[in-house]
Every structure is written in structure tokens, then in C-alpha cells.
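**Student:** Before anything else, here's the structure in question.
We did not get these values from a lab; they are worked out from the coordinates using the rules stated. Just so it is clear, the structure is predicted and the values come from calculations on it, not from any experiment. Cβ placement follows ideal geometry from the backbone for every residue including glycine, while neighbour counts extend to all protein chains displayed.
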Amino acid sequence: MMSLLYNNKFTRLIFRLLTAALAAALFLSASACTSVITVNKRLDGTPVTTIDVNPDIYPPVTTETEEVPQTEEPEETEAMTLPDGAEIVTQPAPQPLGQVVPVQLQDNFAIANQYLEALTADDFGGVAVNIMTSDASIFMPESAGNPVDNARIERNEMVEEKYNTRIIAIDTPVSEIYANTRLAVMSGDYYTDLIAVPQNWLGSFAMSGLLLNLRSLPFTNYNAPYFDSDAMAQTTTQFNVWGAYGDLNESPNYYYCMFFNKSLIESLCLESPYALAYSDEWTQDKFREFCLSAKSAGYYGFGAQLEEDGIIDALFASSGENYFTTSLGRIPAQRTVTSNVTKLVERMRKLIYKDGVAFNGGSGSYTSNGARTAFYSGKMLFYIDHTYMISAFSDMKDDWGILPLPKNTASQKYYYSYVDRTMPVLAVIKNSATAKNAGLFLQAANAASYNFIEDVWYDELARDVIRDGDTLNMLDIVLARSDKGRTYVDFAVNFGEALPYIGDAGYKLMRTCVKTGRDYAAAVKAVMPDVAKMSAEKFATKKPAAAE
């Protein structure tokens, strides 16, 4: 099939490597020096290529010129290996002024192709794969146009070609998906191959007996690197896994990051947040310290495009702490509050309500109204919003960058990203007659999505938006493309609306304690017996005799 993006696999590979190299090279312009990126060996064995960088793309903000000495040629990094053992040896991207860690280049398009080609082959005979979803754009863009939509179309073509199928995603209100799924299960009639519903609706489908246990879905391996097995564990009840998270549905549209004003960081003589993030020392204590410094200088410490409950949820999510423990064969159990979580809740209360560092828009209390404008105008040090809002700051006067949300403590293993509750999670209807096709598609579409959709977006950002290479490294953490980052998914979010006692004992109780100052550990301890009793009634632990 002729691709919308490239004419053949060879030229696609060359294009991806050259585009990635050019994107990294653009960052040199911030230091007003000319340098090169060198790719020593490609997958196809073509010779070394160098790309000159235009130093005038992002001119320095100062009017004075300063002679920058030429740097020595960087040493070769270790080889990166594709699934088939082929090597890509790269040089680190050159560092512009102030960049902390160079951007490493990797051809994720080639890797995605390798993962897809390694999967079981089949022929669907031209029969389409249908997805009823609350957001069809991330599965099947309406038309080619911007590079990200083009990449998604290319991803679909790869899967369609492998299985002789078509991919059809239909935007449908979730209430309608729920009603039609109930009818299909009761009647035995076909409705769709997969559904993709907001994650806070997943529990309603599962607890109504409408979903297939994904452990029974053929041709799937959820330990593959393009699935998010940690997130999927938060959809577990008894011996069932109800929802699939992976590169296919974890779209940047739903992720939040923290923007920061680099110019203010420098004028306030604060440490580089980038350096702190790289060294795993970007914590909420450090975040609070910086916010207090900004306040004392007459600036807002932080704001967010999130309502009051949302900012509380986001800061809690960044700790990676779940409200419930889930595992196969066990009843979901409420977690005992540790001293670290107690300190987290107390600190959040200070940040949002007591310290006077949160944006209030003159209202005297936290508000999201006007926060984005305040950050853009240079009146705020930190600002939390969706990652896709990054383009809104392309012409901001002050220099800026992005960060993951801060850890609770430096010993925390990962940075956790808060995502919208509306992010679609994939599932399959119970007793589906097309489970085989659904399993093949689910595995293949995630494999073909592996990191390369974001790469296309990064290319756009490098050309037109960002000010430094560290921004891309931070996005890798935020979007869980880096070993330092994970996506925060929680059982209480997935099931808290279907089972109100779960939501009440989870995020709602935590929010109340942040707002009122109530002892969170004592509050959880007080409700744990009733929660355990209700969970024992709702969830059986008997292992099914056979897969559904």
C-alpha cells in the first residue's frame, strides 16, 4: 500500500533519521554557534552524514555578541540496539548554552516497524476492525494534514497492510457506548470489536459484566514495551484485567506537565530545575522552596489550568501513591497511609492554601482563571497544563522550559505524570465473536505506535516552539518514554464512579483532608474496616475454571 507520508520503507527510514538529527541540531542556535550532528552508522549501512546548523534560527536574547569557542568533537556514545540486533550508533546532540543533558537520537519509526513485523501474521480478508470510542482522533484522524495526524494514518496503514483490514474508529458518547454494549451482551449480537472509553468509566463496564477478561484475549503479550503493564494492573479485579493502556491510547493530549519561567529562575538565583530533574532531586519540597522564593520577589509561585480538585489530584498523583493495592487473585485493598504520604498531604495543603504562593487572580483563593495568561506574562514561576499547550508559549517574551511534576521524595523511583480521567482505555466486549481479530489488532496497533508518533510531534516542536533540548528530554519523562517516567493510573479513578465507596475512600477523602487539614492517616484508618467489608461483598476471589 502506498504510504501517505513516504514512498517506501527505505526512504522512510532515511527521512526519520535525518529529521531526528535536524531536530536535535536546531538546539545549537540558542548558543549562537555552528555545529554538526554526526550519525556514524545507519541501519542500512549508509555512510556518515553531517548536518550544518543555522545559528540564526533562535538568536540570543541579549544585544551583545560573544565569541563562543569551538567545542571538540564529542565522543561516540554506546550503540543502541533494535529488536533484531541491528545497531544505531549516534553522537550526542550538541548542547546549546545552558543545556544540561544532550538529546539522544533514536529511530523509533524503525523500531516500531521491527516490533510490528515480529508479530503473528494473519489475513482478516478485508474485514474492518471497529472501535467505538470517546475520542476517535487518536485512533483514526479524519484526514491527513498536520504531521502528527499523518503519522497516525501511517501507523494505521502499517497495521492494515499486515492484516488486510481497515481501521474504523467512531466518535460516540460514552453513555451510548455503554447502552449499546449492554444490548450486545444481552442479545449476543455484534456491536464492535473494541471500545475505548474514559478511564473513569471502565469500572462501570466491568462491574456490569460487560467486558472480556483481557488475559483471555488471544495473541496478546502485555509485557511488551509498548504496553503499560503498571497502568493495566490498576484495572485488575480478582483474576481479571479489564483495560489496556499502551502507546496506542496514551496520547500526549491527555498528559500534564509543569512549565517554568527560566528567566525568573536565573533572576532569582535558583538552581537549574533541569539539573534537579536529571539527578532525581526535583521534589515537592524543592518546588515549594522555589515557589516561596518567587513569592518573596513579588511573583506567583505556581498556577494551573486545573480546578481545585484537579490540582490536588495532580500533586497527589505525582507521588505515585495509589489509594488501593491491586493484584491478581486478591480483593482490591485500601492502602495504609505511610508517613511520607502524611507529609505529602500536609505539604499540599500549605502549597495550595497556606503559603500564599498559588495563583489567585486577585480573588484571595486558588483559581485556574487567568493562570495561563499570568505565566505567559512573566508573573508566575511554575504553571501546570496539558503538554499540548506547549505551542501557546512559542512567542513568550521570557525564556521557559518544562518539567515533570515533582516527586514526593528524592527516593521515589519514578516521576509520575497526571493524566485526564477522560483518557480512553481500550477494552473488549464480553463473549465477543471477533476476539481473535481484536487481540491481533490490539497488539499490532500498540507495536506500530511505539514512540514514533511523539517523535513527529518533537520534530514540530524543535522547528517552531521550544527553546532548548532539555525540553525534549523532559517530555520523554512526562510521556513515560524515559526510564525515569511513568503514567499515573489508579484503581480508585477507574472504579470510583461505578463503586462510590471506592471513590469516597480514595481521592475524595484525600481531597477533603488537604482542604480541611484533617489527619489523613487517621481518616483512612477509620474507614478501612467498612471498605474491606464492602469490597469482600463486591469481589469474589475464586479463580475461574477456564478462560471466558
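**Student:** List every residue whose amide H lies under 5 Å from the amide H of THR487, counting only residues 5 or more places away in sequence or on a different chain, with H placed 1.01 Å from N in the peptide plane.
**Tutor:** So THR487 has HN proximity to SER417.
**Student:** If you don't mind, another one. Charges only on Cβ, +1 for Lys and Arg, -1 for Asp and Glu: so what's the dipole of the stretch 150-216 about the Cα centre, in debye to the nearest 20?
**Tutor:** 240
**Student:** Starting from the Cα of SER377, step 7 Å toward the Cβ, then list every residue of the stretch 341-361 with an amide N under 19 Å from that point.
**Tutor:** Flagged as within label range: 357-361.
**Student:** Taking all pairs of distinct Cα atoms, average 1/r, flip it, and tell me the Kirkwood hydrodynamic radius of the stretch 340-418 in Å to one decimal place.
**Tutor:** Roughly 14.5 Å, rounded to one decimal.
**Student:** Sticking with the crude label model, points 7 Å out along Cα→Cβ, report the distance from ALA433 to ASN369 in nm, one decimal please.
**Tutor:** Each label point is offset 7 Å from its Cα along the Cβ direction, giving 5.4 nm.
**Student:** Turning to a different aspect of this structure: First obtain the Kirkwood hydrodynamic radius of the stretch 228-272 from its Cα pairs, then insert it into the Stokes-Einstein equation at 20 °C and 1.002 mPa s, and state the resulting D in µm² per second as a whole number.
**Tutor:** 153
**Student:** Turning to a different aspect of this structure: Listing LYS430, LYS515 from the residue with the fewest other Cβ atoms within 10 Å to the one with the most, what is the order?
**Tutor:** Fewest-to-most Cβ neighbours within 10 Å comes out as LYS515, LYS430.
**Student:** Another question, then. Dipole of the stretch 91-238 (Lys/Arg Cβ +1, Asp/Glu Cβ -1, origin at the Cα centre): which of ILE138, ALA224, GLY209 lies farthest to the positive side?
**Tutor:** So the residue furthest toward the plus end is GLY209.
**Student:** Take each of the peptides 440-450, 333-343, average the number of other beta-carbon atoms within 10 Å over its residues, and list them starting from the highest.
**Tutor:** 440-450, 333-343
**Student:** Residue-wise, which Karplus ³J(HN,Hα) couplings in Hz belong to the stretch 520-531, taking 6.51 cos²θ - 1.76 cosθ + 1.60, θ = phi - 60°, and x for glycine or proline?
**Tutor:** Result, ordered by residue: 5, 4, 5, 5, 5, 4, 5, 9, 4, x, 5, 5 Hz.
**Student:** Which cross-chain or sequence-distant (5 or more) residues have an amide H under 5 Å from the amide H of VAL241, H modelled 1.01 Å from N in plane?
**Tutor:** Excluding prolines and chain starts, which carry no amide H, the hits are LEU214, ARG215.
**Student:** I would also like to ask the following. Suppose R0 equals 56 Å. What FRET efficiency, 1/(1 + (r/R0)^6) with r the Cβ-Cβ distance, do ASN164 and VAL465 give to the nearest 0.05?
**Tutor:** Calculated value: 0.90.
**Student:** Additional query: Which of the listed residues, PHE302, CYS269, ALA317, is farthest toward the dipole's positive end in the stretch 235-326, when Lys, Arg count +1 and Asp, Glu count -1 at the beta-carbon?
**Tutor:** CYS269
**Student:** Spin-label point model (7 Å from Cα, Cβ direction): what's the VAL101 to ARG330 distance in nm?
**Tutor:** The modelled label-to-label distance comes out at 3.2 nm.
**Student:** Now, a different point. Give a residue-ordered list of calculated ³J(HN,Hα) values for the stretch 218-234 (Karplus: 6.51 cos²θ - 1.76 cosθ + 1.60, θ = phi - 60°; whole Hz; x for Gly, Pro).
**Tutor:** The phi angles translate into x, 6, 10, 9, 7, 8, 4, x, 8, 9, 9, 5, 5, 5, 5, 4, 7 Hz.
**Student:** Rank by packing, highest mean first: peptides 398-407, 319-328, with packing defined as the count of other Cβ atoms within 10 Å averaged across residues.
**Tutor:** The peptides rank, most packed first, as 398-407, 319-328.
**Student:** Another question, if that's okay. Rounded to the nearest 0.05, what FRET efficiency do THR342 and ASN253 have when you use their Cβ-Cβ distance and R0 = 35 Å?
**Tutor:** Computed FRET efficiency for THR342 and ASN253 comes out at 0.55.
**Student:** Within a 10 angstrom radius of the beta carbon, how do SER175, SER137, SER417 rank from fewest other beta carbons to most?
**Tutor:** Fewest-to-most ranking of SER175, SER137, SER417: SER175, SER137, SER417.
**Student:** Another question about this same structure. How big is the equivalent ellipsoid of the stretch 412-548 along its three axes, where each semi-axis is √(5λ) from the Cα gyration tensor, reported in whole Å from largest to smallest?
**Tutor:** Over the Cα atoms of the stretch 412-548, the semi-axes work out to 35, 28, 12 Å.
**Student:** While we're looking at this one, here's another question. For TRP400, which sequence-distant residues (separation of 5 or more, or a different chain) have an amide H within less than 5 Å of its own amide H, given hydrogens modelled in the peptide plane?
**Tutor:** LYS262
**Student:** Measuring from label point to label point, each 7 Å out along Cα→Cβ, what is the MET207 to ASN146 span in nm?
**Tutor:** Taking the two extended label points, one gets 3.6 nm.
**Student:** Return the FRET efficiency for the residue pair VAL527, SER394: r is the Cβ-Cβ distance, R0 is 45 Å, and the value is rounded to the nearest 0.05.
**Tutor:** 0.40
**Student:** Tabulate in residue order the Karplus-calculated ³J(HN,Hα) for the stretch 292-306, using 6.51 cos²θ - 1.76 cosθ + 1.60 with θ = phi - 60°, rounded to whole Hz; enter x for Gly and Pro.
**Tutor:** Taking θ as phi minus 60°, the curve returns 5, 5, 5, 4, 5, 9, x, 10, 6, x, 7, x, 7, 8, 9 Hz for the stretch 292-306.
**Student:** Greater than 27 Å separation of Cα atoms is the criterion. Which listed pairs, LYS354/LYS379; LYS286/LYS413; LYS295/LYS508; LYS407/LYS533; LYS484/LYS533; LYS430/LYS538, meet it?
**Tutor:** LYS295/LYS508; LYS407/LYS533; LYS484/LYS533
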